[in-house]
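J.: Please read through the structure below; I'll follow up with questions.
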Amino acid sequence: MTNGNGATPEAAPPPQLNVLAQYIKDLSFENPNAPQSLAPQGQAPQINIQINVGANALAETEYEVTLTIEGKAESGTQVMFSFELVYGGVFRLVNVPQEHLSPMLLIECPRLLFPFAREIVANSVRDGGFPPLMLDPVDFVSLYRQNMERQAAAQGAQIRPS
């Protein structure tokens, strides 16, 4: 196939995603009731996990993506342990169409960060005196959709007259 002057059109360069850096931005582990919390318990603790993703531009093609994982284990009314991890990465995205930028930053980049964050959580819980906490895989597509729906609902609520 040729363009009007006989030359073949050049294909658009493919999108590129590069990981430039990964790091622990913040890590907190608390075992507030030790050593009593380390004694054998009659029942398995209730574990609650929350995961959030954020992204901000650092330069024209470079972005910081943060994966925040918070967790708490409770047995009855006693806190066994709690943790918060903010794990970050710097990514370079080149030739990514604008409509695909947000999904790349909030789905694909966290997918790359998650295995490392999961290991940090497991090691922190283990080092705190408990069996390692192995987080289940996260469906970042669903998390992205939930956040988009929440933002759309919030914008709709702001537009409505009171």
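J.: Just the residues that are within 23 Å of Val53 (Cβ to Cβ) and either of a type in the set (Asp, Glu) or surrounded by fewer than 19 Cβ atoms within 10 Å (Cβ to Cβ) (or both), please, taken from the stretch 114-131.
T.: Pro115, Phe116, Glu119, Ile120, Ala122, Asn123
J.: Same structure again: Assuming Asn52 fulfils every condition listed in (1) under 24 Å from Asn147 (Cβ atoms); (2) in contact (Cβ under 8 Å) with a residue 40 or more places away in the chain apart from one, which condition is it?
T.: If we test Asn52 against (1) under 24 Å from Asn147 (Cβ atoms); (2) in contact (Cβ under 8 Å) with a residue 40 or more places away in the chain, just (2) comes out false.
J.: Hey, among the residues in the stretch 3-29 that are modelled with pLDDT of 75 or more and more than 30 Å from Phe116 (Cβ to Cβ), which one's surrounded by the fewest Cβ atoms within 10 Å (Cβ to Cβ)?
T.: Ala11
J.: Another one. Looking only at the stretch 21-44, count how many residues are assigned to a strand (DSSP E or B) and either among the small types (Gly, Ala, Ser) or farther than 20 Å from Glu64 by Cβ (or both).
T.: Total meeting the criteria: 4.
J.: Just the residues that are surrounded by 15 or more Cβ atoms within 10 Å (Cβ to Cβ) and among the small types (Gly, Ala, Ser), please, taken from the stretch 55-71.
T.: Of everything in the stretch 55-71, those that are surrounded by 15 or more Cβ atoms within 10 Å (Cβ to Cβ) and among the small types (Gly, Ala, Ser) turn out to be Ala55, Gly71.
J.: May I ask you to list pairs of residues, at least six apart or on different chains, whose Cβ atoms are under 7 Å apart, with the first in the stretch 121-144 being at positive phi and the second being surrounded by 12 or more Cβ atoms within 10 Å (Cβ to Cβ)?
T.: Gly129/Asn31; Gly129/Ala34; Gly129/Leu38
J.: Determine which single condition Glu149 fails, assuming it passes every other condition in (1) at pLDDT 95 or above; (2) assigned to a helix (DSSP H, G or I); (3) more than 25 Å from Thr61 (Cα to Cα).
T.: (1)
The values are calculated or read from the model by the stated rules, or taken from the named source; none is laboratory data. Only a predicted model underlies this, so the values are computations on that prediction, with no experimental measurement involved. Because the Cβ atoms are built from the backbone with ideal geometry, glycine has one as well, and the counts that use them run over all protein chains shown.
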